[in-house]
Every structure is written in C-alpha cells, then in structure tokens.
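See below for the structure under consideration.
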Amino acid sequence: MASKNLLALVVLLSVLGVSVAIPKLNLNLDYYRSKCPDAERIVRRVTEQYVSRKPSLAAALLRMYFHDCFVRGCDGSVLLKSPNKDAERDAIPNLSLRGYEVVDAAKTALEKKCPNLVSCADVLALVARDAVVVIKGPWWPVPLGRRDGRISKLNDALQHLPSPFADIKTLKKNFAVKGLNTKDLVVLSGGHTIGISNCALVNARIYNFTGKGDFDPAMNPSYVRELKKKCKPTDFRSTLDMDPGSAKKFDTHYFNVVAQKKGLFTSDSTLLDDVETKLYVQTQVATGGISFNKDFSDSMVKLGFVQILTGKNGEIRKKCAFVN
C-alpha cells in the first residue's frame, strides 16, 4: 500500500509541476535535468515527427513498451538484436512489433546532444508516453534513471508475455508476478482501444473453438459473423481492429466492446469472468469512462517500475539494438 500511495503522490505532484525524486527506487522525474536538460524535449520532438505522420505507431510503441517491461523488466531488452535470432524480438509474439525506428531516431538525436547519458530503457518509456499523447491520449509522468539490460532471450519472452489466449486466472498471475494488481490488469487491457491484430489470432475462436466447428460461446454471435466476413478459415494475414469502430482513437470505447461480448481476444473476453474486472468494465461503460484516463496514467507509472535496473546495474547503450 505504501508504494501505491507513493506513486499516486508522484503523479499528483508532477501534474502540479512539483519536482519529485524517488530515492528508494533511484528514479527521478528530473533525472536528466542537469546532465541533459533537453532530453525529454528531444524525445518528444522525434516522437511527434513520426507519430503525426503515421498515427498507428502510437499503438505499436505502447505495445512495445508493455512487451519490454513484462520480460526482464523495463530495461530495453526488447530492443536488442541477436545474430542468432534468439533475442526477445525474435519470439513469435514479438515478430509483429514495430516502431523500432522511432526509438532509434530519438536515441541518435540524444547521442548527438548528450552522448552516453540517456538509456534506451528511458527512451522507450518516454516514446511510449509521447506517442499516446500525440493521438490525444492521456499523459503520465515518467520518472527516469533506468539503465539498459544486457540480456535478451527469446524463451524469456515466450514464458513471461501475457497470452491473448489466456483466461483471467492466468492473466492475474502474470500481472501479480510483476507487482501489478487486478485493477492494473483491466486498466492496461484498455490500451487495446488502439491498434490492430490479425486473423491468425482469432480464427480458432470463430471456426473451431472446441474442435467441433463451433465458435467461442463467450463471443457475441453477431460479432462472430462480422469476423467471419473478414477472416476466411485459411486467412491468417488480414488485419482486424482490436476496438472495432474506434481503433484509431484513444478512448473508452474498448470497454463498451468488451461489455457487448465483442472482445477480439480471449484475454479481452475473460475480463467479464472476474468480479473486479467485470465491475470495472461496467463502470467505465456506465460513466462514459470518467476515470479511465487517470487510471491508465496511474497504471502506466506502476508499469514503468517493473524490475528496473538502476545505479551500477546494466549499462547505457550507445545503440539500442546492441550491447556496448
């Protein structure tokens, strides 16, 4: 409870313009103020350049940050390349990640201004936030001072990334291991309000759920019919909106979709299988999402503290795709 209250205080004070340090966790909202005072402005400028031209990058970069933090913590390990194709980014769930060029461009700009000072882990944290803001989504404070990990393993990604096929019990365990609670789970699932997926991840749900040519009973039959028009049984490539009808706008429409049993993934539909997550979904629908932006900001701050490397741990990479 103490750490949760601390984070809430950080968010509140930062919104009010008060500088806040977090000595215990070695992260600080002003970490680069004396070392590289233009760091956040540089990242914001680069992110705006890319995302304003291609708004779909906002969802991609938010997803990349989530995938980074859930595997070995928020250490930039998802950015690393391996000559043997056995890094996190080579795992099947990460093959569809995109937006690396935005992180690389921001890092390159920072290296010109402040060489060897700003970690790739911090760059990714800032880029994810700024990308969401560009498409008029919520802002959240990003305490800085993370260092970059040197290890990136394909099998770690397979083991720790929450699956779109997971039920609520499994998802709650996935999140709890990372210090995130049930509310964080349902709130961060709301990030599916933007972005796309593809038919490969839903075909079994709509055509052969139990091996008898049936569809998942947790899905609205009318939604199944819509999906079948877009995804033929052998189609694994066509794209699908994760929030049909509002996939380009960061809003609370996602919760309306889930409440109508139109969640694209099992991990979306299963939010109705738990008392706490179902109540949150219903509350956002009933109130027009009155608390979602604040809740999302709070949960994103918590996510940014997952298994961070600070101090003498890790390194400051010169290039985000390679260890020094």
Quick one: would you say Leu180 is of a type in the set (A, V, I, L, M), under 29 Å from Tyr65 (Cα atoms) and touching a Pro at 6+ places or on another chain (Cβ under 9 Å)?
no
How do the helices (runs of 4 or more DSSP H) wholly within segment 114-184 filter down when requiring 3 or more residues that are in contact with a helix residue (DSSP H, G or I) (Cβ under 9 Å, 6 or more places away or on another chain) and surrounded by fewer than 22 Cβ atoms within 10 Å (Cβ to Cβ): which remain?
154-160, 168-177
Any residue at all in segment 31-51 that's farther than 26 Å from Lys249 by Cα and in contact with a Gly (Cβ under 7 Å, 6 or more places away or on another chain)?
yes
Could you tell me how many of the residues in segment 52-79 are more than 18 Å from Leu188 (Cβ to Cβ) and buried (at least 24 other Cβ atoms within 10 Å of the Cβ)?
4
Filtered residues of segment 40-87 (kept if among the basic types (Lys, Arg), in a loop (DSSP other than H, G, I, E, B) and touching a Ser or Thr at 6+ places or on another chain (Cβ under 9 Å))
Arg72, Lys81
Out of all the residues in segment 88-107, which are surrounded by 13 or more Cβ atoms within 10 Å (Cβ to Cβ) and in a helix (DSSP H, G or I)?
Glu88, Arg89, Asp90, Pro93, Asn94, Tyr100, Val102, Val103, Asp104, Ala105, Ala106, Lys107
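Values quoted throughout were computed directly from the atomic coordinates according to the rules given, and no laboratory measurement underlies them. Bear in mind the structure is a predicted one, so any value in this text is a computation, not a measurement. For neighbour counting, all protein chains shown are included, and Cβ atoms are generated from backbone atoms with ideal geometry for every residue, glycine included.
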